[in-house]
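Here's the structure we're looking at; comments come further down.
The values are calculated or read from the model by the stated rules, or taken from the named source; none is laboratory data. Remember, it's a predicted structure, so these values are computed and weren't measured experimentally. Here Cβ is always computed from backbone atoms with ideal geometry, including for glycine, and neighbour counts include all displayed protein chains. Surface areas here come from the heavy atoms of the whole protein model, side chains and all, with no ligands, DNA or RNA. Shrake-Rupley method; radii C 1.70, N 1.55, O 1.52, S 1.80 Å.
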Amino acid sequence: MSEDELLEEVTSSEYKYGFTTNIDADTIPVGINEDVIRLISLKKNEPEWMTEWRLDAYRKWTKMTEPDWAHVSYEKPDFQKISYYSAPKQKKQYESIEDVDPELLDTFKKLGISLEEQKRLTGVAVDVVVDSVSVATSFKKKLGELGIIFCSFGEAIQEHPELVKKYIGTVVPKQDNFYAALNSAVFTDGSFCYIPKGVKCPMELSTYFRINQAGTGQFERTLVVADKGSYVSYLEGCTAPQRDENQLHAAVVELVALDDAEIKYSTVQNWYPGDKNGKGGVFNFVTKRGLCEKNAKISWTQVETGSAVTWKYPSCILKGENSIGEFYSVAVTNNYQQADTGTKMIHLGKNTKSTIISKGICAGKSEGSYRGLVRIMPRAENARNFSQCDSLLMGDKCGSHTFPYIEIKNKTAKVEHEATTSKIGEDQIFYCNQRGIGTEEAIALIVNGYCKDVLNQLPMEFAVEAQKLLAISLEGSVG
Amino acid sequence: MLNIKDLKVSIEGKSILKGINLEVKPGEVHAIMGPNGSGKSTLSSVIAGREEYEVEDGSINFNNEDLLSLDPEERAHRGIFLSFQYPIEIPGVSVTNFIKTAINESRKAQGLDAMPASKMLKKMREKMRLLEMDQNFLSRSLNEGFSGGEKKRNEIFQMAMLEPKLAILDETDSGLDIDALRIVANGVNKLRTPENATIVITHYQRLLDYIVPDFVHVLYNGKIVKSGGKDLALELEDKGYDWVKKEADNLV
């Protein structure tokens with residue numbers, strides 16, 4: 001198979017999740033101003049401190065400008081043309097999955113996510129976010145017995161205001177960046193999780209996000225607090241239906257790991273990347289950051305295959321002594337997708353350690369960039385970092401870039417950086433073909449091998465899904 | 001089984017094979033020898049289905065099927081196996097995973113279910129013993145960091161697992177020390193049946209001491225210029241290729 005044919009093949013894959021669910025939705029008119037923010041807060045029946053917090057964020061946002069330092073180019077969204085709130089009208093709370101709108105369940109089936117099956121087979125508690133309101137929460141009772149809180153952000157504001165108030169904005173301040181400020185002003189829902197002292201969460205906590213209304217931006221907010229000595233593994237999986245106009249997604253995720261706590265946060269993101277000609281697709285501008293206190297550990301694992309434009313840097317602030325930050329990433333771009341992603345490891349405390357493993361895969365006419373910052377502050381004695389950034393190119397029309405920033409203000413630091421760039425060769429494909437493995441399967445095999453170090457970090461059931469997604473986003477239908 | 005008729009092949013406009021005729025029957029071992037650049041590896045690549053070669057004329061039939069109309073993986077499914085001269089590395093893909101995928105893809109093509117894991121493992125163990133391979137081999141990334149000898153042994157291991165009808169061993173002896181050569185050759189011999197056939201492509205006679213051919217062909221300048229029994233290999237070892245070259249050149 002020639003390079004050109006191979007290229008044609010991988011660029012001809014179609015988005016398999018392009019369908020919409022017809023559920024009555026409650027959408028407010030487009031545009032943003034203080035009244036809209038008050039209306040969102042009112043619709044969500046929020047206390048006044050929350051309304052004021054949002055308004056403060058909004059006022060800060062109006063004074064900010066959209067960042068343009070990332071290696072991406074796109075038409076900037078018109079923020080007055082976006083509707084900032086969309087909730088399915090059916091507002092019932094569900095005790096069991098069977099009560100959920102059958103059409104919605106059908107949507108999940110198309111995605112290959114059977115909630116019932118998940119419940120039965122994997123013991124995963126799933127808090128499903130369709131558009132902006134959580135419609136199903138399971139396993140809550142079981143988690144409740146351990147004192148674990150896992151609910152929608154809206155519910156947390158109502159039921160646990162003291163926890164929300166204490167931690168919201170402590171890791172990602174309102175004015176942190178343009179999109180974080182926008183999110184702080186207009187976020188409609190998301191997930192909240194609190195693990196009490198010394199509790200090891202016995203199951204993976206999982207949320208499936210999904211953008212559903214045409215023209216509705218999604219502003220999710222997630223806050224995970226792991227109290228002293230606790231442990232939680234949190235999974236976030238995303239798919240969005242096919243749309244022609246660009247959809248804006250600007251989420252904020254804050255993780256707080258108190259002394260001796262550990263948080264594993266895994267993401268599989270498969271939003272609509274736009275069609276073969278670069279039309280449509282999701283804009284994904286996300287701020288994800290975790291704070292580690294003494295002896296704490298935060299591990300980010302992400303498999304990014306979707307979105308037209310991605311701008312995302314899950315980061316760790318290693319504040320406490322001996323704290324550990326990890327970042328494992330696979331980012332795939334195809335067709336006209338653009339991704340600028342990486343991490344920031346900020347070493348503040350003594351003996352802090354960080355590891356960065358980034359695997360980029362570029363195909364079609366896409367642009368993939370790794371952008372990472374390792375900053376060792378003056379008081380971070382004996383800090384250590386290891387970074388490995390690999391790129392895999394398919395064809396000769398894509399671009400892969402690495403922007404590593406290293407700032408060291410303490411002489412005892414040890415920082416290592418390794419980078420490689422390789423291509424899937426015709427020789428590799430032919431070798432597989434000769435053993436009876438077709439080209440599609442061969443590409444999946446080679447790509448999965450290349451990503452193994454990252455995929456190994458994912459919980460088992462998620463790793464299987466991620467492998468499938470990698471295959472879907474890179475394979476074309478043969479001949 | 002394999003029937004090659006007047007095969008003419010070029011790459012980027014340069015003629016490499018200039019009319020090859022070869023017939024291989026079940027149970028036979030054919031050795032193809034010849035000096036560097038004579039087209040030996042091109043022949044094996046074309047049989048396996050490498051696409052950068054242009055077949056200008058002629059035909060290759062395999063069990064009465066036109067091989068040239070099939071994709072490389074389809075040829076593999078029909079039972080053609082090529083032991084590569086330079087096996088390629090596939091980082092992160094374990095030997096086990098690779099073989100499992102290869103076997104199950106072939107089974108799928110034949111309408112069979114995937115081989116049960118326990119059966120697969122048993123077969124792997126058995127074939128590894130045959131080739132005196134270490135267990136930890138299975139979990140290593142395919143060919144990554146393998147020595148030359150390990151790569152070749154891994155090729156024959158895959159051949160043992162896939163049980164092809166026609167195996168083409170392209171310079172399998174290169175990079176092997178004498179002990180490894182003996183083990184690999186013993187493996188190949190034990191895998192011989194009256195139903196399958198082997199084509200051994202080699203530069204030297206050495207391998208043919210262990211894998212004894214029924215026929216020896218000398219490829220020179222894109223043509224088979226001489227065929228004979230196993231004695232021909234010894235004669236070549238003794239006298240070199242020059243006399244065959246002269247004979248061939250005189251004919252032109």
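Scan the range A:170-203 for residues that are charged (D, E, K, R) and out of contact with any helix residue (DSSP H, G or I) (no Cβ under 6 Å at 6 or more places or on another chain) and report the count. Number satisfying all stated conditions: 3. What about B:LYS40, is it more than 10 Å from chain A (Cβ to nearest Cβ), among the charged types (D, E, K, R) and touching a Gly at 6+ places or on another chain (Cβ under 9 Å)? Judged against the criteria, B:LYS40 is a match. Taking the range A:337-351 as the range and being surrounded by fewer than 24 Cβ atoms within 10 Å (Cβ to Cβ) and touching a His at 6+ places or on another chain (Cβ under 8 Å) as the test, only A:ASP340 passes. Of the residues making up the range A:320-328, none is in contact (Cβ under 8 Å) with a residue 60 or more places away in the chain and touching a Pro at 6+ places or on another chain (Cβ under 6 Å). When B:MET115, B:MET128 are screened for being buried (at least 18 other Cβ atoms within 10 Å of the Cβ) and free of Cβ contacts under 8 Å to residues at least 60 places away in the same chain, only B:MET128 passes. One residue stands out among those in the range B:66-96 that are more than 19 Å from the chain's Cα centre (by Cα) and of a type in the set (S, T, N, Q): the one that is most open to solvent (accessible area, probe 1.4 Å), which is B:SER69. Taking residues in the range B:49-66 that are in contact (Cβ under 8 Å) with a residue 12 or more places away in the chain, and partners anywhere that are loosely packed, with under 14 Cβ neighbours inside 10 Å, the pairs with Cβ atoms closer than 6 Å and at least 6 places apart or on different chains are B:GLY58/B:ASP6. For the range B:72-96, the set of residues classified as within 7 Å of chain A (Cβ to nearest Cβ) and of a type in the set (D, E, K, R) consists of B:GLU73 only. Scanning the range A:277-336 for residues that are modelled with pLDDT of 85 or more, outside any strand (DSSP E or B) and either surrounded by fewer than 24 Cβ atoms within 10 Å (Cβ to Cβ) or hydroxyl-bearing (Ser, Thr, Tyr) (or both) yields A:GLU293, A:LYS294, A:ASN295, A:TYR313, A:LYS319, A:GLY320, A:GLU321, A:ASN322, A:SER323. Within the range B:97-108, restricting attention to residues that are open to solvent by 30 Å² or more (accessible area, probe 1.4 Å) and more than 7 Å from chain A (Cβ to nearest Cβ), which residue is nearest to B:SER141 (Cα to Cα)? By that ranking, first place goes to B:ASN97.
Scanning the range A:163-180 for residues that are of a type outside the set (Gly, Ala, Ser) and either within 22 Å of A:GLU66 (Cβ to Cβ) or part of a loop (DSSP other than H, G, I, E, B) (or both) yields A:ILE168, A:THR170, A:VAL171, A:VAL172, A:PRO173, A:LYS174, A:GLN175, A:ASP176, A:ASN177, A:PHE178, A:TYR179. When the range A:141-162 is filtered for residues that are open to solvent by 30 Å² or more (accessible area, probe 1.4 Å) and closer than 22 Å to A:ALA185 by Cβ, the ones remaining, listed by number, are A:GLU155, A:GLN158, A:HIS160, A:PRO161.
Would you confirm whether any residue within the range B:50-59 is surrounded by 23 or more Cβ atoms within 10 Å (Cβ to Cβ) and either within 9 Å of chain A (Cβ to nearest Cβ) or closer than 11 Å to A:TYR431 by Cα (or both)? Within the range B:50-59, not a single residue is surrounded by 23 or more Cβ atoms within 10 Å (Cβ to Cβ) and either within 9 Å of chain A (Cβ to nearest Cβ) or closer than 11 Å to A:TYR431 by Cα (or both).
Conditions tested, residue by residue: (1) under 16 Å from A:GLY436 (Cβ atoms); (2) part of a loop (DSSP other than H, G, I, E, B); (3) not β-branched (Val, Ile, Thr).
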site	(1), (2), (3)
B:TYR86	no, yes, yes
B:PRO91	no, no, yes
B:GLU105	yes, no, yes
B:ASP113	yes, yes, yes
B:ARG125	no, no, yes
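Taking every residue in the range A:446-457 that is at the interface with another protein chain (Cβ under 7 Å from one of its Cβ atoms) and pairing it with any residue that is modelled with pLDDT under 90 and assigned to a loop (DSSP other than H, G, I, E, B), at least 6 positions away or on another chain, the pairs with Cβ-Cβ distances below 6 Å are A:ILE446/A:ILE424. Screening A:ASP127 against (1) at pLDDT 90 or above; (2) part of a strand (DSSP E or B) leaves a single unmet condition, (1). Contact map, the range A:414-440: first residue closer than 17 Å to B:ILE90 by Cβ and more than 7 Å from every other protein chain (Cβ to nearest Cβ), second residue open to solvent by 60 Å² or more (accessible area, probe 1.4 Å) and in a loop (DSSP other than H, G, I, E, B), Cβ cut-off under 7 Å, separation 6 or more or different chains; pairs are A:THR439/A:VAL478; A:GLU440/A:VAL478. When every residue of the range B:170-191 is checked against the conditions, at least one turns out to be in contact with a Lys or Arg (Cβ under 9 Å, 6 or more places away or on another chain) and on the phi > 0 side of the Ramachandran plot. Do we find a residue being open to solvent by less than 10 Å² (accessible area, probe 1.4 Å) and either β-branched (Val, Ile, Thr) or more than 25 Å from A:GLY306 (Cβ to Cβ) (or both) anywhere in the range A:355-373? Yes. Yes or no: the range B:141-149 includes at least one residue that is crowded, with 20+ Cβ neighbours inside 10 Å, in contact with an Asp or Glu (Cβ under 9 Å, 6 or more places away or on another chain) and within 14 Å of chain A (Cβ to nearest Cβ). Checked against the condition, which is being crowded, with 20+ Cβ neighbours inside 10 Å, in contact with an Asp or Glu (Cβ under 9 Å, 6 or more places away or on another chain) and within 14 Å of chain A (Cβ to nearest Cβ), the range B:141-149 yields at least one hit.
Within the range A:256-272, being more than 19 Å from A:LEU348 (Cβ to Cβ) and open to solvent by 30 Å² or more (accessible area, probe 1.4 Å) holds for one residue alone: A:LYS264. Taken as a whole, the range A:401-424 holds at least one residue that is under 30 Å from B:TYR53 (Cβ atoms) and open to solvent by 60 Å² or more (accessible area, probe 1.4 Å). Residues that are within 16 Å of the chain's Cα centre (by Cα) and within 14 Å of chain A (Cβ to nearest Cβ) occur at least once in the range B:169-180.
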